[in-house]
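Okay, so here's the structure we're looking at.
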Amino acid sequence: MEQKPVELTFKIQDMDCVEEVSILKRELSPLVGGEERLFFDVLNRRMTVKPSTEEVSADAIIQAIGQTGMRAEIWDAKKTQAAPAPFWSRQGRSLLTGLSGLMMCSAFLTHVYFTGSFSAALGAEEATNGFMPLPVRLQYLAAILTGIWFVLPKAWFAFKRLRPDMNLLMCLAVIGALFIDEWFEAAAVAFLFAFSQLLEAWSVGRARKAVAALMDLTTPIARIRDVEGNETTVPPESVQVGTIFLIRPGDKIPLDGRVTKGNSEVNQAPITGESVPVNKQPDDELFAGTINGDALLEAKCTKLAENTVLAQIIRMVGEAQTRRAPSELWVEKFAKVYTPIVMAVAFLVLLMLPTLFHLSWHDSLYRALVLLVIACPCALVISTPVSIVASLAAAARNGVLIKGGIFVEAPSRLRALALDKTGTLTRGKPVVTKIVPLNGHTEAELLERAAALEAHSNHPLAIAILDAAEEQQITYQAADAYQIIQGKGATALINGREFWLGSHRYLEERNEETAEVHQQLEELSNAGQTVVVIGNDTHVCGFIALADRVRETSAEVIRQLHQAGIERIVMLTGDNAGTAQAVGDEVGIDAVHSELLPEDKVAVIETLVKEYQYVAMVGDGVNDAPAMSRSSLGIAMGVAGSDVAIESADIALMTDDLTKIPWLIRHSHRTLKIIRQNIIFALSIKVLFMILMVLNHASLWAAIAADMGASLLVIFNGLRLLQAQSSTRLKDA
């Protein structure tokens, strides 16, 4: 029997930025059958190779990675989590960078001591007559070697493959500076480039910690109760579905489950972004990673540890980095073309300046080296991924799960938005709004008979009537001989007498409707309310009006969406026209489409896409899946308990909090704004130094210092997104 190819996952020790990702793609794509089979998680230094028709061994892939100057091993999740990385892997770059800077300073001061002149130590040949003491040269050489230690293997790979990158640019600049006897310049370039690489690794580590904060929500133990009633502690991974586990006051909840005993407030902010603790009582859902309040809870495990909502969020935030944002892809493509062109221009500068402008070869080579250093795309390359990762982490912390960089920018381009009604604009839970007794009955009598009839049903309208009876402390006994009349209502016996309950249409079919009752029912229906009529074999006892209440925030959210730049907001629902229009008018929707089947919703979305191009569909992620897939962006809300919804949408809102939608759009605008700022700033620095180079006012060390400064600024600018404001506050965009 032929064995199917399997998915391979590797840990890559030296993968800290998209530059390494680009190198790996170029080297491995021909081997694995195409770039689309490679998926990278920079935060965890993980690479996954999807299976293909041509089987490739793990050893062959590891060997190919080794040729790039990077080290790889098979990914072992347990080993990765249990054992920290070796000291050299964690601190080697920092130690060598620090040593490079220390040796450069020591060499400079030693040179000052020997020559008695700062200008001589800075490399002015007139002051030294070309003399460089051997101890100074050795210290500068140590500074250079420690500075480019991690760069050399990658530069050699780029040189062998004739694929220039910023590692090769820096090494050429250092070698060129040594060739013209500019030892200080060579050491400064090596140290400052190493320092900029260290900053880049630090920034990715900072974002890695932000995502790893999700991992810290998990607790290493779960307290379970065995069949004999004894309490023991075990790892959450060993707990099976159906097991009873205990959560003490103040403890993190270890698993997803359903409360079986106890009543406590639970802080769900780590998962859903809710700012207020949620009261939990028997039969309510609990999520792993949330925090119990001040009472003991018992719960039944509903999911294995690997399938909890928290586990899904952690997994998807990691996978999100493989879906690259348009800005990221643009920068990557730009850098691929930009670097070889600049190298060619630097070579032309070297050849043409002595010929056309009669400059010395020394001066021409120096200017060409300055151009190479200026050309380094370090700040440009790092400008986007840091911002994207910070944006993803901040959104996850606010209960908004974005499936990838490609979807981070999408909300900022939206021009139209379609929202489902039930459960989105409304609470999705009807409540009794009016009780109208007739023919001598009281409200209490009518509600008692309705509750007795509905006691056998789990329909949302029945549950609303039973809740109203409980709220008004109405006592009732479940009716006997209950029978459903499909699509119309039900009949049953109360104290031996037959009663019926049904819709307005059922009342009309029984020919028991009066003109006055008909008018009242029509008015209620046009106002968006559903009517349940109760009667017996002689007369109509009365009717109860119910409505799905609009969320308190819906109208304000619609206003905020318009302010955020959404030109057209429509409501899509399968409900009747009267109910839908009443809700639409109350919240300020631009257009209402009612009585729609799933295919009708898709047709409306297609029309909006033709007119507005960028359209989002907001729904529950399951019933609205066809419309979501046809829209430019599918947003599922209130999906904390729904695996299908989390998987189906491009963006998943963990709670049913509508305010997260305008927050998401503002967050996307802010992310795009910061990305553009970083790109413009990084390119502006390069243009400025190219002008200075032409005017002969730029030095090697100043150029690399400027590039390092630019890298530092774009990193901190991108990391500002980690401080994204909570989505629970509604603010003007």
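Fully extending the segment from Glu36 to Glu471 would add 150.8 nm, taking 0.36 nm per residue of separation and subtracting the current Cα-Cα distance.
Each distinct pair of alpha carbons in region 338-440 adds a 1/r term; the inverse of their mean, the Kirkwood radius, is 20.2 Å.
Once both labels are positioned 7 Å from their Cα atoms along Cα-to-Cβ, the gap between Gln723 and Arg415 label points is 3.5 nm. Shown here for region 151-205: trypsin sites (Lys or Arg not before Pro) in loop regions (DSSP other than H, G, I, E, B) with at most 13 other Cβ atoms within 10 Å, of which there are none. Distant-in-sequence amide contacts of Thr433, defined by a placed amide H-H separation under 5 Å and a gap of 5 or more residues or a different chain, comprise Ala545, Leu546, Ala547.
Taking 0.36 nm per residue of sequence separation and removing the Cα-Cα distance, the Thr232/Leu296 pair yields an extension gain of 21.5 nm. Taking amide H positions as modeled 1.01 Å from N, with prolines and chain starts lacking one, the residues under 5 Å from Asp14 and 5 or more places away or on another chain are Arg71.
With both labels modelled 7 Å from their Cα along Cα-to-Cβ, the Asn279 to Val687 distance reads 6.1 nm.
Take the Cα of Gln67, step 7 Å toward its Cβ, do the same at Gln91, and the gap between the two points is 3.6 nm. Taking 0.36 nm per residue of separation and subtracting the Cα-Cα distance, full extension of the segment from Glu443 to Leu109 would add 110.7 nm.
Each reported figure results from applying straightforward, stated rules to the coordinates on display, with no laboratory input. This is a predicted model, so every value here is computed, not measured. No Cβ is skipped: glycine too gets one built from the backbone with ideal geometry, and neighbour counts run over all protein chains shown.
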